[in-house]
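Visitor: Input: one structure, supplied below.
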6 protein chains.
Amino acid sequence: MVYLTRRETFNAAHKLYNNQWTVEQNAEVFGKCANKNWHGHNYELFITVKGKPNLDTGFIMNVKDLSRLIKKEITEKLDHKNLNLDVDIIPKTMMPSTENLAIIIWNILNPLITDAQLHCVKLVETENIFVEYYGE
Amino acid sequence: MVYLTRRETFNAAHKLYNNQWTVEQNAEVFGKCANKNWHGHNYELFITVKGKPNLDTGFIMNVKDLSRLIKKEITEKLDHKNLNLDVDIIPKTMMPSTENLAIIIWNILNPLITDAQLHCVKLVETENIFVEYYGE
Amino acid sequence: MVYLTRRETFNAAHKLYNNQWTVEQNAEVFGKCANKNWHGHNYELFITVKGKPNLDTGFIMNVKDLSRLIKKEITEKLDHKNLNLDVDIIPKTMMPSTENLAIIIWNILNPLITDAQLHCVKLVETENIFVEYYGE
Amino acid sequence: MVYLTRRETFNAAHKLYNNQWTVEQNAEVFGKCANKNWHGHNYELFITVKGKPNLDTGFIMNVKDLSRLIKKEITEKLDHKNLNLDVDIIPKTMMPSTENLAIIIWNILNPLITDAQLHCVKLVETENIFVEYYGE
Amino acid sequence: MVYLTRRETFNAAHKLYNNQWTVEQNAEVFGKCANKNWHGHNYELFITVKGKPNLDTGFIMNVKDLSRLIKKEITEKLDHKNLNLDVDIIPKTMMPSTENLAIIIWNILNPLITDAQLHCVKLVETENIFVEYYGE
Amino acid sequence: MVYLTRRETFNAAHKLYNNQWTVEQNAEVFGKCANKNWHGHNYELFITVKGKPNLDTGFIMNVKDLSRLIKKEITEKLDHKNLNLDVDIIPKTMMPSTENLAIIIWNILNPLITDAQLHCVKLVETENIFVEYYGE
């Protein structure tokens, strides 16, 4: 079993604001992240798949196919978008936290990766914060 | 003359949209950056000052003072904000491009740095794009 | 289960020198790291916790709380210090190797992280050397 | 159990071309990587070993010994070489993919690391692509 | 005058070998870089242009146009190629050193950048080596 | 004129403490950097030389020679040392600030680089602080 990782990037705006809470509650829990008029990030997305190298190609899966899949299904839908307003793949009732976004990305990619097995979705929000999700 | 550089960071939302143009003109020039509902970046700001090292301290200027100044005057005003809507230091009539932002930051910091001389404002928007301004 | 990582940094001096050995033994095993008058590093510390995202916040735990905890308990005690002489959390009889330091950091943080579960302490000593500890 | 990682680097040329296929098949599967006259990369190799810190040294194993071993057995044999033509450790019948190279490196280093236990071979081909192998 | 920089990347093989010298002379001067069967690098190319921000756009020049130009004229011609054999823009009589490559890139791009003025070509060969050329 | 840069690294301990001042003055000016028992850094040193590429080699100067010179004259003397106590090239009466260290390195290397012309000494103390010296 070898693990292969592909990095893609996207830039997006979001805010963390729970509409069922008061302004004060939001400020207390989310701090600056609750700013009414949004803020944003350069996100880095690392998708890791696992499998056995094919004898003819030496590949787990073709990394160009993996890149195309990630772009088509994920980063082209998120890039230069507002994660709270613009993006169909994030339910409007769900907080667009990095944690939730990683789970959403797993659930989209997992059934579509058939040459290998999805192993990890890693999403880097800033140089100081990242999350990882392994599907369970 | 020795050059001393301090890095600070901030995360912000913005869009590039000229209100005097049609939607089509904006889309043609600014592409995805014109997205109505904003996008965002992790910005890195590098401020370079120049001067002679003081004999008693070995410093051009105290880098802690430089850091405090940059935070107070610039990054605390931009961090987790919308550069088009929330920020007094950017005129509402000015496009919040990285180029213009670098000039604005120079104009704010230059009169306030008296221990040394401001040399360069470098603003990194993504790993692939940055601008530098030297005051002229 | 989602994994959330926060990075913090500190700068410290140390040496690797076993007082029960001769100078020659220390030189042979620790090489330049045994230098009598110390050397130092810019350390990067990555703390990973795991848990389920909260429905109201989308968070495993509030990353600002995690950052405050790491600073209060670890990096403020180690930053700009001598790891052999100045630091109460490292027993004087213990070699201040990166390995031992990672275990010490785990043992301090583990009982204090109650919103989520501590998963990994990663400590980067140089761009070429790092250690990880998972609590067992 | 603590995990210790050492990074080493090498620069090499290679191509991905299956001699039992037509030129067209190679172009379809390998794309630009099949270029007849080779291309190349700056590879980063991360070797992770695991074990218990020694009481006298605080070390899993001496990282200088680990570095010497990686250089002698791996990077000095691959650095500034053509991975298809020049390198004895890669069988001529095997595609010099990053996946296969990670497995080869594991198989060479695993019997030679006796102070600790080899845990992971991570090989970074570009800033966007890397593989990991854990020996099974 | 503001300076705007765009980063692009390419991967290529090359060797440094002067055909008018003996094998021994080449080995003495170029060392491992003279390896008969090539080696390779992940190159990073930084193109800096200068000019005044346009009032309507806030741009020196449209960075998307700059990116397209660099890709079309430079990186698509060098990516996954052999710099000694495959590349028309490098004269066969010229050593494909990083220094010479930077000058060649300048000479190609300089007449084609008309919205702004080319300021610097920076070419990074490894994390430890890079060159810069300012056109004179 | 092409500019060629070589990076080397070293790890060292130091403190910023003026012996002609009181403890309180030192604490006020140098803060944590005045810690009696030292602290330390992973330093990155970038040496830039300029010149014309040689027709036979394509080189400004041989980067391997530049690397050997920097190691022999600078980094082997500073690596794993205490910059206040152990290092002959830093006068005992001079504050071992990053600014002063850059000037000292320039003064040592400048007469020894004869194949090309020394252009810049850049010394990175942390990811947030660096200095540059151009010899005047």
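The values are calculated or read from the model by the stated rules, or taken from the named source; none is laboratory data. From a predicted model like this one, the values you see are computed outputs, not experimental measurements. Note that we place each Cβ from the backbone using ideal geometry, even for glycine, and neighbour counts take in every protein chain shown. Please note that ligands, DNA and RNA were not included when accessible areas were found on the heavy atoms of the full protein model with its side chains. Shrake-Rupley method; radii C 1.70, N 1.55, O 1.52, S 1.80 Å.
Visitor: Select from the range B:68-82 the residues that are surrounded by 21 or more Cβ atoms within 10 Å (Cβ to Cβ) and either at the interface with chain A (Cβ under 10 Å from one of its Cβ atoms) or polar (S, T, N, Q) (or both) and list them in ascending order. Give the derivation first.
Guide: Applying the first criterion (surrounded by 21 or more Cβ atoms within 10 Å (Cβ to Cβ)) to the range B:68-82 yields B:70, B:74, B:78, B:80-82.
The answer is B:78, B:80, B:81, B:82.
Visitor: Could you please let me know if residue D:127 is acidic (Asp, Glu) and out of contact with any Lys or Arg (no Cβ under 8 Å at 6 or more places or on another chain)?
Guide: No; evaluated as a whole, the condition is false for this residue.
Visitor: Any idea how many residues of the range B:31-59 are in contact (Cβ under 8 Å) with a residue 24 or more places away in the chain, in contact with a Ser or Thr (Cβ under 9 Å, 6 or more places away or on another chain) and either acidic (Asp, Glu) or open to solvent by less than 10 Å² (accessible area, probe 1.4 Å) (or both)?
Guide: 6
Visitor: Does residue C:65 fit the bill of being over 10 Å from the mean Cα position of the chain (by Cα), in a helix (DSSP H, G or I) and within 12 Å of another protein chain (Cβ to nearest Cβ)?
Guide: In short, yes.
Visitor: Still on this structure: Please verify whether the range D:41-51 includes one or more residues that are within 22 Å of residue A:53 (Cα to Cα) and small (Gly, Ala, Ser).
Guide: no
Visitor: Tell me whether the range C:52-69 contains one or more residues that are within 24 Å of residue A:96 (Cα to Cα) and touching a Phe, Trp or Tyr at 6+ places or on another chain (Cβ under 7 Å). I'd like the intermediate steps shown before the answer.
Guide: Here is the first cut: in the range C:52-69, the ones within 24 Å of residue A:96 (Cα to Cα) are C:52-68.
After this cut, where a residue has to be touching a Phe, Trp or Tyr at 6+ places or on another chain (Cβ under 7 Å) as well, the list is C:53.
Yes: one or more hits.
Visitor: Additional query: Hey, could you check the range A:13-30 for residues that are away from chain B (no Cβ under 14 Å) and part of a loop (DSSP other than H, G, I, E, B) and say which is least open to solvent (accessible area, probe 1.4 Å)?
Guide: A:18
Visitor: Going through the range F:88-108 one residue at a time, which ones are in a helix (DSSP H, G or I) and either within 12 Å of another protein chain (Cβ to nearest Cβ) or of a type in the set (Val, Ile, Thr) (or both)? It would help to see each step written out before you state the result.
Guide: Within the range F:88-108, the first condition is being in a helix (DSSP H, G or I), and the residues that meet it are F:98-108.
Within the range F:88-108, F:98, F:99, F:100, F:101, F:102, F:103, F:104, F:105, F:106, F:108 qualify.
Visitor: Looking at B:75, B:5 in this structure, which one is more than 28 Å from residue F:96 (Cβ to Cβ) and touching a residue at least 40 places away in the same chain (Cβ under 8 Å)?
Guide: Going through B:75, B:5 in turn, just one is more than 28 Å from residue F:96 (Cβ to Cβ) and touching a residue at least 40 places away in the same chain (Cβ under 8 Å): B:75.
Visitor: Then there is this: Return a yes/no flag: does the range F:90-111 have any residue that is within 30 Å of residue E:26 (Cα to Cα) and either in contact (Cβ under 8 Å) with a residue 12 or more places away in the chain or among the aromatic types (Phe, Trp, Tyr) (or both).
Guide: Checking the range F:90-111: at least one residue is within 30 Å of residue E:26 (Cα to Cα) and either in contact (Cβ under 8 Å) with a residue 12 or more places away in the chain or among the aromatic types (Phe, Trp, Tyr) (or both).
Visitor: Same structure, new question: Which pairs turn up if I take residues in the range F:112-136 that are surrounded by fewer than 16 Cβ atoms within 10 Å (Cβ to Cβ) and look for partners that are part of a loop (DSSP other than H, G, I, E, B) with beta carbon separation below 6 Å, at least 6 apart in sequence or on another chain?
Guide: Here the result reads F:115/F:61, each pair linking the range F:112-136 to a residue that is part of a loop (DSSP other than H, G, I, E, B).
Visitor: Can you tell me which residues in the range F:31-58 are touching a strand residue (DSSP E or B) at 6+ places or on another chain (Cβ under 8 Å) and either part of a helix (DSSP H, G or I) or away from chain C (no Cβ under 14 Å) (or both)?
Guide: F:32, F:33, F:46, F:47, F:48, F:49, F:50, F:51, F:52, F:53
Visitor: Test of understanding: among A:98, A:93, A:75, which residue is within 21 Å of residue A:12 (Cβ to Cβ), hydroxyl-bearing (Ser, Thr, Tyr) and modelled with pLDDT under 95?
Guide: A:93
Visitor: What about residue C:27, is it without any contact (Cβ under 8 Å) to a residue 12 or more places away in the chain and in contact with a helix residue (DSSP H, G or I) (Cβ under 9 Å, 6 or more places away or on another chain)?
Guide: yes
Visitor: I've got another one for you. Just need a number here: residues in the range A:109-128 that are assigned to a strand (DSSP E or B) and within 29 Å of residue A:40 (Cα to Cα).
Guide: Of the range A:109-128, the ones assigned to a strand (DSSP E or B) are A:117-126.
Cutting the leftovers down to within 29 Å of residue A:40 (Cα to Cα) gives us A:118-126.
Qualifying residue count for the region: 9.
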